[in-house]
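The values are calculated or read from the model by the stated rules, or taken from the named source; none is laboratory data. The shown structure was predicted, so the numbers you read here are calculated from the model rather than taken from an experiment. Cβ placement follows ideal geometry from the backbone for every residue including glycine, while neighbour counts extend to all protein chains displayed.
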Amino acid sequence: MSAIELSTVHRHFDRAAAGFHTASVLHKRVGKELVERLSLVDLSPRHILDLGCGTGWCAALLSHRFGQSAVVGLDLSEAMLRAGEKTTASGFINGDAHRLPLADQCVDLIFSNLLLPWCDTQIVFSEACRVLRPGGLFTFSSCGPDSLRELAAAWAMVDEGPHVHAFSDMHDLGDSLAQSGFSEPVMDVEMLTFTYRTLEALVTDLRATGARNALSSRQRGLRGSGQGQRLKKAYESLRGEDGTLPLSWEVIYGVAWRPAQRVPDHLSPDGIPVRVVADFSR
């Protein structure tokens, strides 16, 4: 798989920030489901990290779900954080999931909604395991390789270029979790299909959520009108009997635990970090 350009990811989500809160139907649908699934686990976390929080919509849900917990959201895009509505989250951090500005073993629950497709998952999983306390839970959603399959099929009728972002499958994520030190990973998949009247509306929706190809091998520069017309014709062949154009997402839901172990010496008896880069124990 081609490498992901983090600077491109950053730029895409910065541009999408202003309208993300209203345009992010997929993020809200999946985020709500991910929060609801936490009711199946016996949890009383003191400190929660919403990793890749965007505008803070899920952080607000987590604050409501765990009323006595301190919820902190972290996102690479400062524009997303600025665009966020006021929530009951304890605070927000502008930071990189690949280099979390947090002390070792300082959170009990990490929640991450649709961040992983735009990251090096091995590095992010290792960082998540580092900052989780022993026995802590990592719950996440991601996108599988069948995501945007209609768009990929339409582009394949136009040329052989890598126009659609490549997504990791559930088994690759499971392997990465195990290599990063997590135990008992459990994952399942849900297919969601959205429909649009026009290709223009479909593309506008994708751009408004920041969900764009960030692979280093993607085609650069402007596309000619001829290429756009060929794509439109190709996608028209996928129009359903109801007269709409489909766009599917393969959503992966997962949970994994950091194994319980002895609390290291640099933590106080109650587990609060003694030396921290970012302290949200208040």
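(1) surrounded by 17 or more Cβ atoms within 10 Å (Cβ to Cβ); (2) modelled with pLDDT under 90: which one isn't true of Cys53, the others all being true?
(2)
Based on what the data block shows, is Ala103 out of contact with any Leu (no Cβ under 6 Å at 6 or more places or on another chain), crowded, with 21+ Cβ neighbours inside 10 Å and within 24 Å of Arg130 (Cα to Cα)?
Criteria not met by Ala103.
Quick one: which residue in Asp146, Asp159 is closer than 24 Å to Arg29 by Cα and in a loop (DSSP other than H, G, I, E, B)?
Asp146
Kindly indicate the residue of the range 35-50 that is among the hydrophobic types (A, V, I, L, M, F, W, C) and crowded, with 23+ Cβ neighbours inside 10 Å and also nearest to Ala97 (Cα to Cα) among those meeting that condition.
It comes out as Leu49.
Counting just the residues of the range 165-210 that are among the hydrophobic types (A, V, I, L, M, F, W, C), in a helix (DSSP H, G or I) and touching a helix residue (DSSP H, G or I) at 6+ places or on another chain (Cβ under 7 Å), which one comes out surrounded by the fewest Cβ atoms within 10 Å (Cβ to Cβ)?
Filtering the range 165-210 for residues that are among the hydrophobic types (A, V, I, L, M, F, W, C), in a helix (DSSP H, G or I) and touching a helix residue (DSSP H, G or I) at 6+ places or on another chain (Cβ under 7 Å), the one surrounded by the fewest Cβ atoms within 10 Å (Cβ to Cβ) comes out as Ala208.
Name every residue in the range 117-131 that is under 16 Å from Phe13 (Cβ atoms) and in contact with a helix residue (DSSP H, G or I) (Cβ under 7 Å, 6 or more places away or on another chain), in order of residue number.
Scanning the range 117-131 gives Trp118, Val124.
Can you name every residue in the range 99-140 that is of a type in the set (Gly, Ala, Ser) and part of a loop (DSSP other than H, G, I, E, B)?
Scanning the range 99-140 gives a single hit, Ala103.
Regarding Gly226, is this residue outside any strand (DSSP E or B), surrounded by 11 or more Cβ atoms within 10 Å (Cβ to Cβ), modelled with pLDDT under 95 and not acidic (Asp, Glu)? Reasoning before the result, please.
Details: outside any strand (DSSP E or B): yes; surrounded by 11 or more Cβ atoms within 10 Å (Cβ to Cβ): no; modelled with pLDDT under 95: yes; not acidic (Asp, Glu): yes.
In short, no.
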